[in-house]
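Data first, discussion second: the structure below is written as structure tokens.
The values are calculated or read from the model by the stated rules, or taken from the named source; none is laboratory data. In this text, all values refer to a predicted model and were calculated from it rather than measured experimentally. Counting neighbours? That spans all protein chains shown, and the Cβs are built from the backbone with ideal geometry, glycine included. For the accessible areas, the whole protein counts, side chains as well, though only heavy atoms, and no ligand, DNA or RNA atoms are used. Shrake-Rupley method; radii C 1.70, N 1.55, O 1.52, S 1.80 Å.
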Amino acid sequence: MSIHAAANHNLFFSPDNADKDFGAVLRDVQEYISSKYSTLILEGGKDEVKEQVKRYIRKYLMDYRIAVKDMATEQLVDALYTEMAEFSFLTKYILGTGIEEIDVNAWNDIEVQYSNGQTVKLDEHFDSPEHAINVVRRMLHVSGMVLDNASPAILGHLSKNIRIAVLKTPLVDEDVGVAASIRIVNPQRMEKADFVKGGTATEEILDFLSECLCYGISVCVAGATSSGKTTLAGWLLTTIPDNKRIFTIENGSRELALVRKKDGKIVNSVIHTLTRFSENEKQNIDQDMLLDMALRFNPEIICVGEMRSSEAYTAQEAARTGHTVLTTIHSNSCEATWRRMVTLCKRKYDIADETLMSLVTEAFPIVVFTKQLENKERKIMEVMECEILPDGQRNFRSLFRFNIIENRMEGDRFIIHGRHQRENTISQSLQKRFLENGMPQEVLYKILKGGCDR
């Protein structure tokens, strides 16, 4: 309905306006606003623009005496703005606190996963499959992505810390409309005490991993999605002294926040970088390219947010040529992690598995395996060293392990009890590397005896 038609339609002036359907009002207001103030809608986000758009919506409602049953005027204005310029009912969850993931299984089936591991099915849902697709398209517009039949599978971002993966018809059924996973990563200022209190790790484990990075030993943190890999890696990077230069590489969205200020002045040396996807392959900036660029910035610590493909080969090269590399990877155990690295390295060069295994174990002597247990608690399950023996053989030494003592069901709850235990001391070769890299004898002594001070 056009604005002129609306003006001549006596429905707008009848008492029945109080019973108007929200969807119908939304369509009328959308047409009015988009035809006259489309630039404002596209600018979105800015507070002054938001208020300006709301004023236009409010004026339109008052001029045409439009109301919706059981909704006050300001409530209606807010709801209309959210539908038009934001992301429908999902907005409050995307901007909420303590939420890690929003899963759209279908237009009428949405789940929210909280940071404590709790997953809740929402009573709210989209009005239809088409409504779901339209809202998700608006999300993808932020990253310049178009969701259509030619591109029914999209990876994008809403902001530097919100990633979105989307599938639409024909990849999902028509009555589903769209399936989407919205991952919200809020860079957390985690302290050592938070990990210890939550049972994720002991002080001894955390201190050991911190000393590894500070004294030139590259570390890979492995685990499944939501196992706490990035949270642990982020904390480890906060223990790096201010005088060491850090270069981070992340895929599409930023999960790390490492810049430190004192009295308004930046005191550490950090360069944060992000990949950039482009449909034009020549303009595509991937992790491998950024990693190659990182080596020209004289970093002492390089963080590759997640090894997913051929950048694994470049990462191990960097780790074997004097740089300390911290990275994460999807894997299901410590030992499997090195084999996974080999698989990823082969995507760049078809080198014999045995040769690549020699390279990646030299590059990453320490692997940490993290897991989210059935009771939703996150644990460092194992820390392992790969010792390279004089004859070239590899000896996998479990240094720390979380041993489960009790695992049972109580009603619909999982009860899991266990403890972190020290399994072995570090190898002679790793001790030598620590000393060569400047570790004081007293710090090494504390590592060997069980406990570091940091």
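Odds and ends about this structure:
- The residue that is nearest to residue 304 (Cα to Cα), among those in segment 263-283 that are of a type in the set (Ser, Thr, Tyr) and part of a loop (DSSP other than H, G, I, E, B), is 275.
- Only listed residue being at pLDDT 85 or above, over 28 Å from residue 436 (Cα atoms) and β-branched (Val, Ile, Thr), chosen from 271, 266, 285, 246: 266
- Pick from segment 343-370, criterion under 16 Å from residue 314 (Cβ atoms) and of a type in the set (Phe, Trp, Tyr), ranking: least open to solvent (accessible area, probe 1.4 Å): 364
Here is a yes/no grid of residues against (1) closer than 26 Å to residue 376 by Cα; (2) in contact (Cβ under 8 Å) with a residue 40 or more places away in the chain:
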residue: 114; (1), (2): yes, no
residue: 117; (1), (2): yes, yes
residue: 121; (1), (2): yes, no
residue: 126; (1), (2): no, yes
residue: 134; (1), (2): no, no
residue: 149; (1), (2): no, no
residue: 153; (1), (2): no, no
residue: 161; (1), (2): yes, yes
residue: 170; (1), (2): no, no
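- Pick from segment 345-402, criterion over 28 Å from the mean Cα position of the chain (by Cα) and charged (D, E, K, R), ranking: farthest from residue 421 (Cα to Cα): 350
- The single condition from (1) touching a residue at least 40 places away in the same chain (Cβ under 8 Å); (2) in a helix (DSSP H, G or I); (3) open to solvent by 10 Å² or more (accessible area, probe 1.4 Å) that residue 296 fails is (1).
- Among the residues of segment 322-342, those that are under 11 Å from residue 307 (Cα atoms) and open to solvent by 40 Å² or more (accessible area, probe 1.4 Å) comprise 330, 340.
- Pairing each residue of segment 326-344 that is closer than 18 Å to residue 399 by Cα with any residue that is hydroxyl-bearing (Ser, Thr, Tyr), provided the two are 6+ apart or on different chains, yields C-beta distances under 6 Å for 337/331; 338/361.
- Candidate set: segment 205-232, residues that are among the hydroxyl-bearing types (Ser, Thr, Tyr) and at pLDDT 90 or above; chosen: the one farthest from the chain's Cα centre (by Cα): 215
- Taking residues in segment 55-75 that are free of Cβ contacts under 8 Å to residues at least 24 places away in the same chain, and partners anywhere that are assigned to a loop (DSSP other than H, G, I, E, B), the pairs with Cβ atoms closer than 8 Å and at least 6 places apart or on different chains are 73/67.
- Check on residue 300, at pLDDT below 95 and touching a helix residue (DSSP H, G or I) at 6+ places or on another chain (Cβ under 7 Å): no
- Failed item, numbered, when residue 276 is tested on (1) more than 19 Å from the chain's Cα centre (by Cα); (2) open to solvent by 60 Å² or more (accessible area, probe 1.4 Å); (3) of a type in the set (D, E, K, R): (1)
- Qualifying positions in segment 371-402 - open to solvent by less than 20 Å² (accessible area, probe 1.4 Å) and over 17 Å from residue 196 (Cα atoms): 384, 385, 386, 398, 399
- Restricting attention to segment 101-140 and to residues that are aliphatic (A, V, I, L, M) and part of a strand (DSSP E or B), the residue that is most open to solvent (accessible area, probe 1.4 Å) turns out to be 120.
- Identity of the residue in segment 159-182, at pLDDT 85 or above and over 17 Å from residue 108 (Cα atoms), that ends up surrounded by the most Cβ atoms within 10 Å (Cβ to Cβ): 164
- Among the numbered conditions (1) part of a loop (DSSP other than H, G, I, E, B); (2) open to solvent by 50 Å² or more (accessible area, probe 1.4 Å), the only one that residue 196 does not meet is (1).
- For residue 94, the conditions (1) under 23 Å from the mean Cα position of the chain (by Cα); (2) open to solvent by less than 30 Å² (accessible area, probe 1.4 Å); (3) at pLDDT below 80 are fulfilled apart from (3).
- Count - residues of segment 319-348 that are in contact with a helix residue (DSSP H, G or I) (Cβ under 6 Å, 6 or more places away or on another chain), of a type outside the set (D, E, K, R) and either more than 15 Å from residue 219 (Cα to Cα) or part of a helix (DSSP H, G or I) (or both): 6
- Here segment 403-425 is the region considered, the condition is being of a type in the set (Val, Ile, Thr), open to solvent by less than 70 Å² (accessible area, probe 1.4 Å) and within 32 Å of the chain's Cα centre (by Cα), and the residue that is farthest from residue 337 (Cα to Cα) is 415.
- Filter pass, residue 414 being in a strand (DSSP E or B), farther than 22 Å from residue 358 by Cβ and in contact (Cβ under 8 Å) with a residue 40 or more places away in the chain: yes
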